[in-house]
Every structure is written in C-alpha cells, then in structure tokens.
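Remarks on the structure that follows.
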Amino acid sequence: VGAVTVRKNETGHGESEWRASRTRLGKVFTVSLGPSRAINLSSLQIAARRLAGKQAHVGSAMLSTASPAASTLPIPQTAATSGSLRSLMRAKLSRPRSGSDVIFRTRLIERLNAALGGEITLVCAPAGFGKTTLLVQWVQTLDRPTAWLSLDEHDNELPVFVHSLAAALQTAFPEAFGATAALLKAPRIPPPEHIAALLINDLADVPDDVILVLDDYHCIHNREVHTLLELLVEHLPPQLHLVLISRSNPPLPIVRWLAKGYLTELRGSDLRFTLEETESFLTRMLGSEAARETAGALDERTEGWIALLRLAALSLRGTSDRASFLEHLDSYAARSISSYLVGEILAQQAPAVQEVLERTSILEQFCPELCAAVIGSDISHEQVQATLDWLERANLFLVPLDKRQGWYRFHHLFQGLLLQRLQTHWSQQELATLHQRASAWYAKQGLIEEAIEHARVAGDASEARQLVEAQFFRAFEQEQLVLVEHWLHLLPEEQIQRSPFLQVARAWISQAHGQLQELPRLLVAAEQLVATGNRETSDAHGPPLRLLRGLIATLWSLFHYFSGQTQASLESARSALAWIPPAEEHMASHATFYFVLSNQATGQEEGALAAVQQALRDQSTGLSSTARLLYAQSYVYLAMGKLPHAEHTARHLLHIAREAELVISQNYAHWLLAVVHYEQNRLDEAAYHFSAIIANQHQAHFWVVQDALCGLALTYQAQGLGIQVQETARTLIELVQEQHNMRELMAAFAFRGRLALLQNEVEEADQWLELAGEQDARGPMFFLEDPPMTKVRLLLAKGDEVSVARGQVLLTQLLQHVEAIHNTRKTIQVLALQAWAYDLQGRETEALDVLERALTLAHPGGFMRTLADLFPLAPLLNALRKGRKARHAADKHLDAYLQGLLAAMNPVPAQAGSKEDLLEQEGLEPLTRRELQILNLLDKDLTNKEIARELVLTTGTVKLHTKHVYQKLSVNNRRAAVTLARALGLLAAT
C-alpha cells in the first residue's frame, strides 16, 4: 500500500503517540496510530491504507458542490485475511513432499511423459496405490511450471472451486488469471460456460507451458464443476496439460476423450508394484536381508497394493519373527489385513503418539495448534509438533502439505483405518466433543467453512448457524455475497428459517440476483422473528440487533423504490438511518443511497442532493461508501435531466472507483456516462462506456449488463451498424434467458421490438411485443428500455385510428407516472411521443405545444437521442423552426439545437479520426504501434506464444506488451481488451 513516515509526538502528561504521514502534490496527510505502546505491523498497514485513500482525491476532478472527503476502510482480520486461512490455502496449493523411502518408478514416469502430447491425464485407483506420490515424483523431473491443487469437500461449490483453481494457477504465474480470480468478488457467479471462456482466455496469456494437477478429484460431486472441467478440456489451450488424480472414475466423458486421443489414463493395475519394485521398496524400509526374505511373500499377499505393503513393512520393523508374522497374515483377507496391521503399528507406539494419531483422524488436514485444540488435554503445541516431526521421520503415513511444515494430512487409507478404530472405541458424545473443539478452533481462526462442517458433524446445527450469523455483517461490508451464499448452502434449511439474520442475508442475495419478488416474504419472516424474540442467537454470537433492523429497513426501502412506492421507500430509508449507528458507515451508505433516490422520486430533489453532500462530509473512511453516494448523486442529476452535472459526478465516481479498484462501482460509473453520452448523441463515447461494462460483465449487477447491451444496440443503430445491432440483440436475449427471470425476458423481447421499429419493421416489432405481453408502468423507470413506452411506439407506428387512440390512453397514464416520480428524463420521452400522437390525429397545434414543452426540458441538458430516435417528429421540428422564425421568436441557440436534432435523425457513423481524442478524454493512455499489433492478434485468439512467433519476439516481451495493453485499457483479460478495442476502433488502427 506504499511507504509512510512515522513520528512519535509527545501529548503531555508523560504520554506519547505515533503519527503517520505522507505527502502528495504538496499536501501533507496524517493519521494517528494511537499511543506508543500500540504500534505494530497491523496498525502501520491500516495507516498506509487510510493515507492512500485520503490521497485518492488529490488531483481528481472535483465537484462543483462540496467535495467529499474519504479514505479507505481499515481491513478487519476476517476469514479473508487471517494467517490461518492463508497457511491452509497455501497447503492446498503446495505439492506434497515425497518421503525418503520412495522408489523411482521409471516405467510410469515414461508413460506420464508420453501423455503430455494430449490434453489430459487421468490417474485413477483406490486409496493406497501411490497416485499422489507418483505425480509428485514425476513433476519433480519436469522443467516446466506446475500448479497443484489438493481438492476437498469444500471445493464443491462452483465459486469456491474457481477461486481455488485460479489461486493454484497463480502459484505458477502470479500476475495471470486476474479475471478468473475476481469472480469470487462478483455480485453473481456466472454459469460454467462463461467461467470456462474466462479461464481459457486467461490461459492464453500465460507465457509458458504449464501442468495443472487436481488431486483428490473424487471429492467433487457438483455437476457444475464437472461441466466446467468438461468445457475446459474440450477447448484446452495448447500450453496447459491437465492431470486428474481420483479414487473413482469421474463423471466426465472419459470414453469420448480416449477415442479422440485427448486422454491418457493410469489405473490401479498400472500402479501396483511389480515384484522388483516391491523388493526395492522393502530394501529401503527393512534392509536388503529382510527384503529378500519377505518380498515374494508380501508381493503375493498384498498384490502390489502399495499402502498395504507399507503397513506390513512398518509392522515387520517391530517383530523379530518374520516367518511367523507372514504366516499370521494368511488368516486375513486383503482388506482385513490393513486393519490388523494398523493395530499392530499402533501397539508399537507410545500412548501419547497413539492419542495424537487417533484423535486427529477426524481432521482432513491439521497443524500443531489444531491438533492440540482437538486433543483437549494438557498436551502443548510443542509436544504435538515433536510428535508430528517424529511421525514424519518414521514415514508413518504423514504427508506434509507445505514447505513450511505448517499443515499435514494422513495418508487417506491410514486416516480411514484410524477413524474406524476411533469410531469403534469412542462414544458418539466423545466424537462430537472432538468435532466441537475443531469447530471452535476453526471459527477462532476465521475458517468459517471448516468450522461449519465440524459443527454439523458434531450434530450442533445451531452452532453452525451462529457461526454464519457472526460473520454475515463483516462479509456484507466486504461485499462477499457469493461467499455468504456458499455458507448458507452448508446449513440445514430449518436453521436458516429460524434466524432473522440469515433470512436477511438471503434477501440481500436475492436482490443482487435481481429477484426482488422474494424480498417481502423473507423480510416479513425476519421481522416476525425479531418481534417475537424467537432468535436463537445470543448477543455474544450474533451481530447487533440495531444493525439487523437497519438492514431490514434498507431492503424494504429498496423493494418499495423499485416497486414504485416512493413514499414508503423514503419512510423505510429514514427508519434504516435511525436504526444504523453513525459509526457503521458502510451500512449507513446503503440506507442513504435509497434515502437520496426516494427523496428525488418524491419531488425533493434539492433535499436529495443536500443529503448526499452531508453524507459525503460526514463519512471519513470508506471509498466504497463514497462511491455509492456519488452514484446516487449522479443518478439524481440524470433523473432531473441535468446531463452535464450527471456526467461531472459520474467521472468523479469513475476516478475514485479506479483508484480503489471498486469494479462494481466502475461499472455504475460507466453506465451513467454511457447513458449521458447516448442522450447527447456522443455515440463513440457511449459505445466505449457500454462496452466497458460488457467487457467486465461478470463483475457487474445483472441489470447494469442488461441495460448496457440495450444501450450498445441503440448506439450501433444510431451509427447505422446493422450487423452489430443484431449481434448485440442476440447476446441480450441469451443473457436474459440464462437468468430464468421471466419479467426481464419480457423486457428484452420488448426491446427487440423497439429495435425493429427503429428499422421500420413494424410487423416484426408487433411479433416481439406480442411475446413481451402487457407490462404496466411502475417503479423508477431507471433503464433505457421501458416496455410500456415501446408498446406506445408500436401503436403509433401502426398509425390507424384505433391504435393511435390506444396509444394516447397509455401516454396519459405514462405522463401521470413519470411526473409523479419527478423523472424529467422520462417526461421528455413521454411528451415527445405525445407530440407524435397528436400529429397523427391531425391536431398539429397541440402537437407543437407539447413538443415545445418537451424541448424546454430537453434543451438545457442537451438531450438528443430521446427526440432523434423518433424520426416521425422531423416534420414537426421543421414546422416549429419555421413558426418561431415567422413569429420573430427565433433563438440562435435553440435553432442550432433543432438543427442538431434533425441531423441526428440520420445514422451517424463512428468517427475514426476521433479515437485518439476519445482515449485522452477517457483518461486512457494511447497505445503504441507494437501494442496495437498485439491487440489485433489477440482479436484473432492467438496465444502469447503464437503472437511471439508471428512478430518474431520473445514470449516474455509479448507478455509485457499485453500487460501494458490491459493497464492502458483498464481491463484484466484479453476478452475485455478486445471488446473495448473494438468499441474504440483500435482494431483498425494497425
């Protein structure tokens, strides 16, 4: 986060405090670190972040009204930042270490090397066949980067799997896979098809061949994850080779991949030790003499099963009568032998070692601190560490998971056998106690998923619920809704139903998915639970009740606002602000957002703007809160028809969002700027901002992407780009169909009808509007597409007396609605349509009066497309000009505006010569000739290696140029870069 200067100041009375400072553009920023005894690394990091946030406003385009003061919110030590989580994640991403007794398996290594010519290798066999050991040995012989991911049950949720996958690949290429990794922070997780496309694009950017090993793939039983892997293999970039290690056949198209030559497989029959390998292994374990005596007998009895052979060898270490031992084995079946041998091995260990082995068998992975917590006796962390060190030296089925030796696991077969013994000898209550201890330790470390799982196994569902309740608000502050949704999936439904906190969590997730119809049911349930006191969450566990009430009221305000109940929305927002403590800035900013919007919608525009400015002055830490308030302010200006003010505020929002890497807020800013530019007929700029949203669509709310696609199609239509219009419209329908949201699908059908009308295809438009059905005018009319207005356009385009009369009735209703919600922007549209309707009815005087009223509202803000998209208004506009001249009422500014409107009714082709100006205006650095060459090759789906060959460059040089392209265009992947480049006209610039 940068460097700071730290000084100690005397405060009097023998006390002193530390203060951190940083200077930028001649201005000194300072923050207190507290008393001298309180300084530590964490406080220094927080100070640096706060100073960086304060500086974000220096040199930025300031608002004409009071300027906001803001700094970054100190990051709490949660599951997102805890050291235990980092070490556990590092263990999952680290290649396990080989034991000292491992033998080199040349015949299998050669087969694995040969498999690199295909896309995927499957190593499939039951536990104990040496799968992981073989792969560890193999990758150590390779000279190419390797990414390793040890999967477990927690990776079954698609977003968690994707996050783990990206993190694994980033161990090989730290600067790559940014687009894929960012999905966990997105408001919604896209379907597997979209994730696969992002991942494939990210893979195309890596400079070298890489091997990705997914160990324990049998833990995955989520169909979406299997679909993602299938899509990835079917379109695998040449530089990636995928290896799956599994105990069972994965539900993937193995036969088809074998037939196509994609896949090589190693099965249990391939992995079994040969007699020679058995003797070599026993020599290392027992010495050459014992190996010669026992190799043949053990090979016959174990049938080359490696884990069983190891168990036998460990047992033989403790006996002097090898012949008697081998004879005794004959009385057991192969599977029973393993249980017998584990008993023999444990009998040879000290009681303390037996205790560690048996009690920790409930854990999938463990560290010394966790072991000590689970054992729960007087054993110390140091004693546990010493025991683990001894077990590792003794090769007693302990697998170190990372180089720092922080985390371990038992060999899967050995763990299973230990767990069987534990379950046989311990009562259910004693086992539950072990799991409760594990859950408590994980919860203390912020490892919520693991804590929930152990609480669930312990039969303590209420504890699992309380764990999520305790973390919900913190995760909410960090906008980790995907993570909260994952936690809810881990809980029994009955626990969610009895918790007001979790009902509210589900409501917030529903609104993020655009499912507003779910909110009343969930919020009423939460309110009833609060009112009756029927919440089984104590104050020690649950978040403050005031915050809960505040969030419920905020969600009610949101629901009422989008349902058109603006006064109810305002009252709910007031209630929310009364409940939320002032110090809870993040929560308060959400309530303030809807307080501002509902104030505007009830005609209190100045009060709305004053509320924003007051909130910006009062808040002092969170840039995300500042961004949310600026978004509200810009939207108020947009609704008021003050396009220059809306643009100015939105540019300030975009600056802050980029500085703080707030991708969702960046998309809001792009939407505001795109709408303003479209309305002002600045089509190149509108296309850029709409495309910026689409390029990062997985990190935007659904409605933003939907409206951006509508806006881009309208922009292309205004530019006369028919092919692009159709492509964008198809993309819109496909996107909405994926959401299974009927209301939004009907709106998309209506928009297709609107495009058909702009192309003078009235019959086609009629068909689309029939599919869309009847939709009433309600809510804030936030978006570019309003189905009722499109219905009016169709009726007027038909032109017959009955249709026009129906259109007039609808327009009367629409005008009442838009005036009731004080939406000047939409009022202009309704008045323009009314002028057209009057003209069709031969009522020219009324048509001109209404049109003049529309122009009075539109001219100050520079509205163009609202009127220019209504081509039939051209005769009226000309008549208005002539009439004003005849009355000597001509106004040169208004006349120029009218001329501009008439000119805009003809397609306005993209201006190729203005691209450099557009780049500069949007704060984007111009691309060099080499970067433009690379951008064009990215558009052809070439990998970095292929681009290097094409341009006779090194792969590293191409990677550097590509990185510069991403930075200059403010994107994080090639797909987004190409999308924006196309909007900016850069692909034709080479």
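The values are calculated or read from the model by the stated rules, or taken from the named source; none is laboratory data. Owing to the predicted nature of the structure, the values given are computational and were not obtained by experimental measurement. We place every Cβ from the backbone using ideal geometry, glycine too, and count neighbours over all the protein chains shown.
Charged (D, E, K, R) and assigned to a helix (DSSP H, G or I) - does that describe any residue in segment 166-181?
no
For residue 766, only one of the following conditions fails: (1) assigned to a helix (DSSP H, G or I); (2) within 30 Å of the chain's Cα centre (by Cα); (3) more than 18 Å from residue 975 (Cα to Cα). What is its number?
(2)
List the helices (runs of 4 or more DSSP H) inside segment 193-279, counting only whole elements, that have at least 3 residues being modelled with pLDDT of 90 or more and of a type outside the set (Asp, Glu). Spell out how you get there, then give the answer.
Details: elements: 223-234, 254-260, 268-271.
Passing ranges, in order: 223-234, 254-260.
Of all residues in segment 565-585, how many are touching a Gly at 6+ places or on another chain (Cβ under 6 Å) and not in a loop (DSSP other than H, G, I, E, B)? Give the derivation first.
Let us first name the residues in segment 565-585 that are touching a Gly at 6+ places or on another chain (Cβ under 6 Å), namely 576, 579-580, 585.
Then drop every residue that is not not in a loop (DSSP other than H, G, I, E, B), which leaves 576, 579, 585.
The qualifying residues number 3.
Please count how many residues of segment 321-374 are touching a strand residue (DSSP E or B) at 6+ places or on another chain (Cβ under 6 Å) and modelled with pLDDT under 80.
Qualifying residue count for the region: 0.
Any residue in segment 303-317 that's closer than 14 Å to residue 275 by Cα and in a helix (DSSP H, G or I): show its pairings with residues that are at pLDDT 80 or above and of a type outside the set (A, V, I, L, M, F, W, C) at Cβ separation under 7 Å, as long as the two are six or more apart or on different chains.
Hits for this filter: 306/128; 306/130; 309/278.
Is one or more of the residues making up segment 734-752 modelled with pLDDT of 95 or more and among the β-branched types (Val, Ile, Thr)?
No, segment 734-752 contains no residue that is modelled with pLDDT of 95 or more and among the β-branched types (Val, Ile, Thr).
Please list, ordered by first then second residue, the pairs with beta carbon atoms under 6 Å, 6 or more apart or interchain, first in segment 356-380 and assigned by TED's automatic domain parsing to the domain that holds residue 439, second basic (Lys, Arg).
These pairs meet every condition: 365/409; 373/437; 374/359; 374/437; 375/359; 376/437.
Report whether or not residue 355 is assigned to a helix (DSSP H, G or I) and over 15 Å from residue 421 (Cβ atoms).
So residue 355 fails the test.
Please go through segment 497-511 and give me each residue that is buried (at least 17 other Cβ atoms within 10 Å of the Cβ), of a type outside the set (D, E, K, R) and part of a helix (DSSP H, G or I), ordered by number.
500, 501, 502, 503, 504, 505, 507, 508, 509, 510, 511
When you scan segment 413-433, do you find a residue that is among the hydrophobic types (A, V, I, L, M, F, W, C), touching a Pro at 6+ places or on another chain (Cβ under 6 Å) and at pLDDT below 85, even just one?
no
Taking the conditions exactly as written (at pLDDT 75 or above, buried (at least 21 other Cβ atoms within 10 Å of the Cβ), in contact with a Lys or Arg (Cβ under 8 Å, 6 or more places away or on another chain) and among the aliphatic types (A, V, I, L, M)), does residue 295 satisfy them or not?
Judged against the criteria, residue 295 is not a match.
Name, by its number, the condition in (1) at pLDDT below 90; (2) within 27 Å of the chain's Cα centre (by Cα) that does not hold for residue 564.
Only one criterion is unmet by residue 564, namely (2).
Can you run down the residue pairs with Cβ atoms below 9 Å, 6 or more apart or on separate chains, where the first is in segment 854-871 and at positive phi and the partner is outside any helix (DSSP H, G or I)?
The qualifying pairs are 862/680; 862/681.
Of the conditions (1) assigned to a helix (DSSP H, G or I); (2) touching a residue at least 12 places away in the same chain (Cβ under 8 Å); (3) not hydrophobic (A, V, I, L, M, F, W, C), residue 737 satisfies every one except a single condition; which number is it?
Of the numbered conditions (1) assigned to a helix (DSSP H, G or I); (2) touching a residue at least 12 places away in the same chain (Cβ under 8 Å); (3) not hydrophobic (A, V, I, L, M, F, W, C), the odd one out for residue 737 is (2).
Can you tell me which residue is surrounded by the most Cβ atoms within 10 Å (Cβ to Cβ) among those in segment 825-855 that are of a type in the set (Val, Ile, Thr) and at pLDDT 95 or above?
Applying the filter and picking the extreme gives 830.
Go through the residues of segment 629-649 one by one and say whether even a single one is outside the structural domain of residue 905 (by TED's automatic domain parsing), within 24 Å of residue 577 (Cβ to Cβ), within 20 Å of the chain's Cα centre (by Cα) and assigned to a helix (DSSP H, G or I).
no
With respect to residue 266, is the statement that it is in contact with a strand residue (DSSP E or B) (Cβ under 7 Å, 6 or more places away or on another chain) and over 20 Å from residue 108 (Cβ atoms) true?
no
Counting only residues that are of a type in the set (Phe, Trp, Tyr) and closer than 11 Å to residue 628 by Cα, which one in segment 571-603 is surrounded by the most Cβ atoms within 10 Å (Cβ to Cβ)?
Restricting to residues being of a type in the set (Phe, Trp, Tyr) and closer than 11 Å to residue 628 by Cα, the top hit is 594.
Scan segment 432-442 residue by residue and report those that are buried (at least 22 other Cβ atoms within 10 Å of the Cβ) and aliphatic (A, V, I, L, M).
Matches in segment 432-442: 434, 438.
Using the structure shown, decide if residue 408 is within 37 Å of the chain's Cα centre (by Cα), of a type in the set (Ser, Thr, Tyr), buried (at least 17 other Cβ atoms within 10 Å of the Cβ) and within 30 Å of residue 586 (Cβ to Cβ).
In short, no.
Among the helices (runs of 4 or more DSSP H) lying completely within segment 886-955, list those that include at least 2 residues that are at pLDDT 80 or above, outside the structural domain of residue 852 (by TED's automatic domain parsing) and within 37 Å of the chain's Cα centre (by Cα).
Ranges flagged: 929-939, 944-951.
Taking segment 605-635 as the search range and keeping residues that are at pLDDT 95 or above and among the polar types (S, T, N, Q), which one is nearest to residue 654 (Cα to Cα)?
Per the criteria, the residue is 634.
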